[in-house]
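Enquirer: This is the structure I want to talk about, given as structure tokens.
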Amino acid sequence: GENVEQHPSTLSVQEGDSAVIKCTYSDSASNYFPWYKQELGKGPQLIIDIRSNVGEKKDQRIAVTLNKTAKHFSLHITETQPEDSAVYFCAASERDNYGQNFVFGPGTRLSVLP
Amino acid sequence: EAGVAQSPRYKIIEKRQSVAFWCNPISGHATLYWYQQILGQGPKLLIQFQNNGVVDDSQLPKDRFSAERLKGVDSTLKIQPAKLEDSAVYLCASSQGGGREQYFGPGTRLTVT
């Protein structure tokens with residue numbers, strides 16, 4: 001089955017700096033890669049996603065890149081703000097007609113220092 | 001649009017007791033998921049429903065966990081009897097299906113003592 005690794009486990013950056021989180025996956029059949037942000041006491045919230053037919057996607061300060069050959073994808077956050085502090089999870093899945101069976105990475109705790 | 005609702009938010013029980021969690025998905029979402037999130041880890045899928053039928057329960061410990069989704073709307077997840085290692089946050093998510101995005105509820109934090 002699918003296995004997703006995520007690095008680093010913790011990341012501290014100064015406000016205004018960039019943050020990069022990297023994930024690798026094992027199953028070449030995976031074709032959908034979402035990123036979720038989880039704040040304390042809340043459920044994960046989708047912040048950006050990418051499909052396997054796209055190499056990069058950007059939404060304001062957030063971007064995701066995908067390298068299918070190497071089986072890795074990354075989340076890039078620019079101009080970080082204190083409200084970006086949270087745990088970020090990557091996931092991989094093979095989309096089907098019913099939905100997605102996600103396999104999540106172990107998470108990265110991002111701290112943005114003012 | 002209302003989000004995914006879960007109750008209770010917190011539950012403390014002793015080992016060998018039973019417990020049940022409730023989930024109300026976003027209206028119109030055909031697909032419902034239950035995840036277990038152990039502290040410091042990513043969510044792990046326990047069971048996936050399409051309407052009121054089970055699509056995937058391969059990671060559900062069926063000797064102690066059970067779930068149902070009557071009438072294809074609300075769902076309950078039950079643990080009987082609970083073990084210490086069941087301490088986790090239980091997340092419910094729903095999706096319109098067809099490979100669309102999942103929306104998560106706030107979760108139920110279970111502590112087994």
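The values are calculated or read from the model by the stated rules, or taken from the named source; none is laboratory data. All figures in this text were calculated on a predicted structure; none of them were measured in a lab. Neighbour counts are summed over all protein chains in view; Cβ atoms, including those assigned to glycine, are modelled from backbone coordinates with ideal geometry.
Enquirer: Only residues that are at pLDDT below 95 and facing chain B (nearest Cβ under 10 Å): list them for the stretch A:8-38, please.
Expert: Residues satisfying the conditions are A:N31, A:Y32, A:P34.
Enquirer: Considering only residues that are small (G, A, S) and assigned to a strand (DSSP E or B), look in the stretch B:7-23 and name the one that is nearest to B:D86 (Cα to Cα). Full working, then the answer.
Expert: Applying the first criterion (small (G, A, S)) to the stretch B:7-23 yields B:7, B:18, B:20.
Narrowing further to those that are assigned to a strand (DSSP E or B): B:7, B:20.
Numbers: B:S7: 17, B:A20: 13 Å.
Looking at the filtered set, the residue picked out is B:A20.
Enquirer: Within the stretch B:90-108, identify whether any single residue is among the acidic types (D, E) and more than 10 Å from chain A (Cβ to nearest Cβ), and answer yes or no.
Expert: Filtering the stretch B:90-108 for residues among the acidic types (D, E) gives B:101.
From what is left, the residues that are more than 10 Å from chain A (Cβ to nearest Cβ) are none.
No, the stretch B:90-108 contains no residue that is among the acidic types (D, E) and more than 10 Å from chain A (Cβ to nearest Cβ).
Enquirer: What is the one condition in (1) surrounded by 16 or more Cβ atoms within 10 Å (Cβ to Cβ); (2) out of contact with any helix residue (DSSP H, G or I) (no Cβ under 8 Å at 6 or more places or on another chain) that B:A30 does not satisfy?
Expert: Condition not satisfied by B:A30: (2).
Enquirer: Additional query: From the residues in the stretch B:70-89 that are over 16 Å from B:S7 (Cβ atoms) and in contact with a Leu (Cβ under 7 Å, 6 or more places away or on another chain), which one is farthest from the other protein chains (Cβ to nearest Cβ)? Spell out the reasoning first.
Expert: If we filter the stretch B:70-89 for residues that are over 16 Å from B:S7 (Cβ atoms), which is where we start, we get B:70-72, B:80-88.
Right, trim to in contact with a Leu (Cβ under 7 Å, 6 or more places away or on another chain) and you get B:86-88.
Details: B:D86: 19, B:S87: 16, B:A88: 13 Å.
Checked the stretch B:70-89; the qualifying residue farthest from the other protein chains (Cβ to nearest Cβ) is B:D86.
Enquirer: (1) away from chain B (no Cβ under 14 Å); (2) under 15 Å from the mean Cα position of the chain (by Cα): which one isn't true of A:D49, the others all being true?
Expert: (1)
Enquirer: Turning to a different aspect of this structure: Whether any residue in the stretch A:52-66 is polar (S, T, N, Q), over 30 Å from B:T108 (Cβ atoms) and within 14 Å of another protein chain (Cβ to nearest Cβ) is what I want to check. Show your work before the answer.
Expert: Within the stretch A:52-66, the subset polar (S, T, N, Q) is A:52-53, A:60, A:65.
From what is left, the residues that are over 30 Å from B:T108 (Cβ atoms) are A:52-53, A:60, A:65.
Keeping just the survivors that are within 14 Å of another protein chain (Cβ to nearest Cβ) gives A:52-53.
Scanning the stretch A:52-66, I find at least one residue that is polar (S, T, N, Q), over 30 Å from B:T108 (Cβ atoms) and within 14 Å of another protein chain (Cβ to nearest Cβ), so the answer is yes.
Enquirer: Among the strands (runs of 3 or more DSSP E) lying completely within the stretch A:1-92, list those that include at least 2 residues that are more than 19 Å from B:P43 (Cα to Cα) and in contact with a Gly (Cβ under 7 Å, 6 or more places away or on another chain). Show your work before the answer.
Expert: Details: elements: A:4-7, A:10-14, A:19-25, A:32-38, A:45-51, A:56-59, A:62-67, A:72-77, A:86-92.
Once the strands (runs of 3 or more DSSP E) in the stretch A:1-92 are filtered for at least 2 residues that are more than 19 Å from B:P43 (Cα to Cα) and in contact with a Gly (Cβ under 7 Å, 6 or more places away or on another chain), what remains is A:62-67.
Enquirer: Follow-up. Restricting the stretch B:38-55 to residues that are under 17 Å from B:L70 (Cα atoms) and free of Cβ contacts under 8 Å to residues at least 24 places away in the same chain, which is farthest from the other protein chains (Cβ to nearest Cβ)? I'd like the intermediate steps shown before the answer.
Expert: Our first condition is that a residue be under 17 Å from B:L70 (Cα atoms); within the stretch B:38-55, this holds for B:47-55.
Okay, now just the ones that are also free of Cβ contacts under 8 Å to residues at least 24 places away in the same chain, so B:48, B:51-54.
Details: B:Q48: 7, B:N51: 10, B:N52: 13, B:G53: 10, B:V54: 11 Å.
Per the stated criteria, the residue is B:N52.
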